[in-house]
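Engineer: Quick one: the structure is below, and I'll ask about it shortly.
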Amino acid sequence: METTPSAVTMCATVLQVCRCELCVCDCETCQKVLVHTDCACHFRVGQQVCITYSGAMTRSDPPQITAESIRPVRCC
């Protein structure tokens, strides 16, 4: 039987917008995280977002995740 990890949500502030990725600051841990997403151009520096991802995060510096969805919010 294959188990699938539950989705995880991160509230963060956008620090940098690049093609296909965002650099954000996780509001809970104050850690920078690189977020891979095809919709990066829809966001701006300083915007607060809620990111849903698989829970998998690399051990690189900064850690990296792949977003399942990102929506703008006031979460921080």
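The values are calculated or read from the model by the stated rules, or taken from the named source; none is laboratory data. These numbers were taken from a predicted model, which means no experiment stands behind them. Here the Cβ positions follow ideal geometry from the backbone for every residue, glycine too, while neighbour counts run over all protein chains shown.
Engineer: Filter region 12-56 for residues that are hydrophobic (A, V, I, L, M, F, W, C) and touching a Lys or Arg at 6+ places or on another chain (Cβ under 9 Å) and give the result.
Structural biologist: V14, L15, V17, C23, V24, C25, A40, C41, V49, C50, I51
Engineer: For region 22-41, state whether one or more residues are in a strand (DSSP E or B), in contact with a helix residue (DSSP H, G or I) (Cβ under 7 Å, 6 or more places away or on another chain) and at pLDDT 95 or above.
Structural biologist: Quick first cut of region 22-41, residues in a strand (DSSP E or B) only: 22-26, 32-36.
Add one more test, that the residue is in contact with a helix residue (DSSP H, G or I) (Cβ under 7 Å, 6 or more places away or on another chain), and what stays is 22.
Among the residues that remain, those that are also at pLDDT 95 or above are: 22.
The answer is yes, given that some residue of region 22-41 is in a strand (DSSP E or B), in contact with a helix residue (DSSP H, G or I) (Cβ under 7 Å, 6 or more places away or on another chain) and at pLDDT 95 or above.
Engineer: Still on this model: How many residues does region 56-76 hold that are out of contact with any Phe, Trp or Tyr (no Cβ under 9 Å at 6 or more places or on another chain) and either surrounded by 12 or more Cβ atoms within 10 Å (Cβ to Cβ) or not small (G, A, S) (or both)?
Structural biologist: Summing the residues that are out of contact with any Phe, Trp or Tyr (no Cβ under 9 Å at 6 or more places or on another chain) and either surrounded by 12 or more Cβ atoms within 10 Å (Cβ to Cβ) or not small (G, A, S) (or both) in region 56-76 gives 12.
Engineer: Restricting to region 44-59, name every residue that is free of Cβ contacts under 8 Å to residues at least 12 places away in the same chain and either of a type in the set (K, R) or over 19 Å from S6 (Cα atoms) (or both).
Structural biologist: Passing the criteria: only R59.
Engineer: I would also like to ask the following. Taking into account only those residues within region 17-43 that are among the polar types (S, T, N, Q) and touching a residue at least 12 places away in the same chain (Cβ under 8 Å), which is farthest from R71 (Cα to Cα)?
Structural biologist: Checked region 17-43; the qualifying residue farthest from R71 (Cα to Cα) is Q31.
Engineer: It is to be established whether one or more residues within region 35-53 are touching a Leu at 6+ places or on another chain (Cβ under 7 Å) and of a type in the set (D, E, K, R).
Structural biologist: no
Engineer: Looking only at residues that are assigned to a strand (DSSP E or B) and among the aliphatic types (A, V, I, L, M) in region 47-62, which one is nearest to M10 (Cα to Cα)?
Structural biologist: If we take residues in region 47-62 being assigned to a strand (DSSP E or B) and among the aliphatic types (A, V, I, L, M), then I51 is nearest to M10 (Cα to Cα).
Engineer: Name the single residue, out of those in region 1-21 being part of a loop (DSSP other than H, G, I, E, B) and surrounded by 11 or more Cβ atoms within 10 Å (Cβ to Cβ), that is modelled with the lowest pLDDT. Break it down into steps so the answer makes sense when it comes.
Structural biologist: The initial filter retains those residues of region 1-21 that are part of a loop (DSSP other than H, G, I, E, B), namely 1-7, 19-20.
Filter once more, keeping what is surrounded by 11 or more Cβ atoms within 10 Å (Cβ to Cβ): 7, 20.
Numbers: A7: 86, C20: 95.
Checked region 1-21; the qualifying residue modelled with the lowest pLDDT is A7.
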